[in-house]
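Read-outs: derived from the displayed coordinates by stated rules, not from any lab. Note that this is a predicted model, so its numbers are computed, not measured. Here the Cβ is made from the backbone with ideal geometry for all residues, glycine too, and neighbour counts use every protein chain on show.
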Amino acid sequence: MEVVIVPDAEAGGELIAEAMAKLLGRKPGALLGVATGSTPLPVYEALAAKVRSGAVDVGQARIAQLDEYVGLPADHPESYRSVLRREVLEPLGIGMDQFTGPDGTAEDVQGACEAYDKALSDAGGVDLQLLGIGTDGHIGFNEPCSSLASRTRIKTLTEQTRIDNARFFGGDIGQVPHHVITQGIGTILEARHLVLLATGEGKADAVAATVEGPIAAVCPASALQLHPHATVVVDEAAASKLKLADYFRHTYANKPEWQGI
Ligand SMILES: N[C@@H]1[C@@H](O)[C@H](O)[C@@H](COP(=O)(O)O)O[C@@H]1O
C-alpha cells in the first residue's frame, strides 16, 4: 500500500485526477469506479478542468457506481445515481449510456445486487476505484464487521452513518434510508487500482487503522492492505495519527517520477 500525504484536499484531487487522466490516455474506455460524499469532489473538479482544457478525453470512458440507497426513487436528488449524474457525469460531459450502477428501486434487491456484481465483471472489471472512508472505517457502505470477502449486497446502515449523511437530507435523519446496496469488499478488491482519498481530522483515526492497524473486518478499509495496487491519499490533518508519516513522505518524495501513483 502506498500512502501519499498531500498538503490539502485540492492537491489530493489534482493527484488523483492526474492518475485518472493517465489511465484514460492509455486506455480510453477505462471503467472508473466513483464514490459519493464530500471528499471526492476535488477529484471530480480537477478532472472536469482537464476535460475542459482538452488534456483528457472522456469520450469513451465508463463510470461505475459504488453504492446506492435502497428505496429512493432514481430521480430523488439524493439517490447516489442522481448525485453522480450531477457531480460527475454532467461536469465531465459523460452520458448515462456510459454509466452503470445498481438498481436501488428493484423489488428483488438481492437479484439487483447479483446483477450489478455480474455487470461489473462483464464490463471487464473496474480499472480504478476511487474510495472515500467513513469515520468508522467503512468503504462504500460496508459497515464495520462486513465480510472482507463480501459481494454486492444489501446492508443496514449504522446510526452513525445515518447521522453523518443526514446533512444531505436537510439535516433530517428520518429521511436517510436504513438500507443500501453496496459493492462488497471482495468486489471492491477486484478493481485493478484502488485509490482512497481521506481529508480532515475527523478521518485521522480511521486512516491510522486502515494503514497501520491489523487487517480486520472491524475496519473495512483495512482490506486495502490485501490489494496489490492500493494508494491512500491523505491531507496533513487526516495523516496526523500515522506513526509512519515521515517514512511515507520520504518514500513518495524519492520514488521514480515515471511511476505515478
Ligand atoms: N457511502 C459513502 C462512502 O462512499 C463515503 O466514503 C462516506 C464518507 O463521506 P464523506 O467523504 O462525505 O466524508 O460517505 C458515505 O457513507
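At 20 °C and a viscosity of 1.002 mPa s, what translational diffusion coefficient does Stokes-Einstein give for the range 129-201, taking Rh as the Kirkwood radius over Cα pairs? Give it in µm²/s as a whole number.
165
What ³J(HN,Hα) values, in whole Hz, does the Karplus curve 6.51 cos²θ - 1.76 cosθ + 1.60 give for the range 199-211 when θ = phi - 60°, with x put for Gly and Pro?
Karplus values, whole Hz, x for Gly and Pro: 9, x, 4, x, 9, 4, 5, 4, 5, 4, 5, 5, 8.
What's the magnitude of the charge dipole for the range 37-191 around its Cα centre, counting Lys and Arg as +1 and Asp and Glu as -1 at the beta-carbon? Answer in Debye, nearest 20. If you can, show how the numbers build up before the last one.
Working: 12 positive and 22 negative charges, 60 e Å.
About 280 debye.
If the only charges are +1 at each Lys and Arg Cβ and -1 at each Asp and Glu Cβ, what is the size of the charge dipole of the chain around the Cα centre, to the nearest 20 debye?
Values: 21 positive and 34 negative charges, 112 e Å.
Dipole size: approximately 540 debye.
Which three extents, in whole angstrom, do the alpha-carbon atoms of the range 30-71 cover along their principal axes, largest first?
The principal-axis extents, from largest down, are 38, 22, 14 Å.
What is the magnitude of the charge dipole of the range 1-123 about its Cα centre, with +1 placed on the Cβ of each Lys and Arg, -1 on the Cβ of each Asp and Glu, and no other charges, expressed in debye to the nearest 20?
Charge dipole of the range 1-123: 560 debye, to the nearest 20.
Can you compute the radius of gyration and Dmax for the range 112-169, using only the Cα atoms, both in Å?
Calculated on Cα positions, Rg and Dmax stand at 13.2, 36 Å.
Using only the C-alpha atoms of the range 1-70, find the volume of their convex hull and express it per residue in Å³.
113
Once the Cα gyration tensor of the range 84-224 is found, what semi-axes does its equivalent ellipsoid get, as square roots of 5 times the eigenvalues, in whole Å, sorted largest first?
Over the Cα atoms of the range 84-224, the semi-axes work out to 23, 19, 17 Å.
Among 239, 195, 152, flag the residue with its Cα farthest along the positive direction of the charge dipole of the chain, charges on Cβ as +1 for Lys/Arg and -1 for Asp/Glu.
195
Return a single number: how many Lys pairs in the chain, at a sequence separation of 8 or more or on separate chains, have alpha-carbon atoms below 25 angstrom apart.
12
How would you classify the range 1-42 from its alpha-carbon gyration tensor, with a ≥ b ≥ c the square roots of the eigenvalues: rounded for a/c under 1.5, else prolate if a/b is greater than b/c, otherwise oblate?
The shape class here is prolate.
Distances longer than 17 Å among the Cα atoms of the range 207-261: what percent of all pairs is that? Kindly include the intermediate steps, with their values, before the conclusion.
Values: 657 of 1485 pairs.
In whole percent, the share of Cα-Cα pairs in the range 207-261 beyond 17 Å is 44.
Would you list 81, 86, 192 from fewest to most Cβ contacts within 10 Å?
86, 192, 81
Just to be sure I understand: if I project the alpha-carbon convex hull of the range 51-123 onto a plane and average over all orientations, what area do I get in nm²? Show your work: numbers first, answer last.
Details: hull surface 20.6 nm².
Mean projected area for the range 51-123: 5.2 nm², to one decimal.
If contacts are Cα pairs under 8 angstrom and at least 6 residues apart, what is the relative contact order of the chain in percent?
Reported relative contact order: 24 percent.
Kirkwood hydrodynamic radius for the range 1-141: how many Å is it when counted over pairs of different Cα atoms?
Taking the inverse mean of 1/r over all distinct Cα pairs, the range 1-141 comes out at 15.7 Å.
List the extent of the Cα atoms of the range 173-252 along each of their three principal axes, largest first, rounded to whole Å.
Ordered largest first, the range 173-252 gives principal extents of 44, 30, 19 Å.
Over its Cα atoms, what ratio of radius of gyration to 2.2 N^0.38 Å does the chain give?
0.94
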